[in-house]
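Where a number appears in this text, it was derived from the coordinates with a stated rule and is not lab data. Owing to the predicted nature of the structure, the values given are computational and were not obtained by experimental measurement. Cβ placement follows ideal geometry from the backbone for every residue including glycine, while neighbour counts extend to all protein chains displayed.
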């Protein structure tokens, strides 16, 4: 029932009637349930949904993060009474461990702000001291294509960031013609109309995003979280969101894609790969069906297709993404170390995926009907050969005994 909001038509298995234990019906229902799960887990947005995570892995997703977020936000308000919650923004993002609230300042009650809270992710490698320092620097980060942070603070397990609330929403809202406050599943899971942006918009936004990525790479700041929901719009200008995600060690929206490709093993490479996804979405109004992309549909410009091919094609995935040089300083050195630890964990995960694929292929090959037949034929041949050799040996013994009798 939780998926109704997504407006997707899912292949539900046949209903189980009370006491119906017929073997054929049970087998059909099991097959239907497996197909149902396959459809959900292969849908990138649904597979990241809290309902799916809790169903497939209840032990690791049993915590109520809304309650935890409210506790942390309440503690924050006790020390910073000038802020006030207007309303919680339920399910507007895809992350399970991140919560959003619409805010206002008591000094400027008409100005709407957005508070986001998130706890540490698996790639949080900064020491508490460096982490606190980096988070406090976020409001001072100034670039024409980075969205302003009003306030940022952190404790021993999470971070809280306040930004102006953008009424126009994100780049993804523009592409999908969605309302910013609506739940993530409702906005993006099953768009009514699929249409890419105008060529001039693609060029303008694409250039601006590449410029801010270049800026971050040159400063040695690890990002790794580029996607169309992390880009807000202000007229013809787009600005990057959520720089804190990499400091918190949160997983990337596209991790399930690039973790499969061993050549994409740096955060610079991850950013370039994610830019490919974003450019595809701007061009065609939807995400690619699969990665790598075998063939690209007609686009407003051949140059756009050329860029997409250089990032998302089979050849590009095979050869790897280009990297950008790093310039470390004292804090950047700590960020660099955290970045390297993140990349190390990605490499280890890619190795495990590669090993699992090899094992699965080997098991599939070993267990296939054709292989079973081959093994049976080989066993018969060995049995016949053994019988023949045994008979021949018996014949030789019989011949020898006759000769000795003579």
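When only alpha carbons of the range 221-297 are considered, Rg and Dmax amount to 13.0, 38 Å. Which shape class, rounded, prolate or oblate, goes with the range 65-357 when its Cα gyration tensor gives a ≥ b ≥ c as root eigenvalues, a/c under 1.5 marks rounded, and past that a/b bigger than b/c marks prolate? Here the range 65-357 falls in the oblate category.
Applying a 10 Å radius around every beta-carbon, put 265-275, 58-68 in order of their mean neighbour count, most first. Spell out each step's value before the answer.
On the way: 265-275: 23.6, 58-68: 11.2.
In decreasing order of mean packing, 265-275, 58-68 become 265-275, 58-68.
Label-to-label distance, residue 30 versus residue 128, with points set 7 angstrom from Cα along the beta-carbon direction: 5.1 nm. Pairs of Cα atoms nearer than 8 Å and 6+ residues apart set the relative contact order; for the range 65-357 it is 18 percent.
Would you work out if the range 147-237 is rounded, prolate or oblate? Take a ≥ b ≥ c from the square roots of the eigenvalues of the alpha-carbon gyration tensor; rounded if a/c is under 1.5, else prolate when a/b is larger than b/c, oblate otherwise.
On the way: a/c = 2.06, a/b = 1.27, b/c = 1.62.
Cα axes put the range 147-237 in the oblate bin.
Using the per-residue mean of other Cβ atoms lying within 10 Å as a proxy for protection, in what order, highest first, do the peptides 278-284, 26-32 fall? Mind dumping the intermediate values first?
Numbers: 278-284: 22.4, 26-32: 12.7.
In descending order of packing, they fall as 278-284, 26-32.
Cα centroids of the range 66-90 and the range 97-155: 13 Å apart. The simple Förster model, with R0 at 51 Å and r as the Cβ-Cβ distance, assigns residue 380 and residue 340 a FRET efficiency of 0.35.
Taking the highest mean first, how do the peptides 192-204, 160-172 order by number of other beta carbon atoms within 10 angstrom per residue?
Numbers: 192-204: 13.8, 160-172: 19.0.
With the highest mean Cβ count within 10 Å placed first, the list reads 160-172, 192-204.
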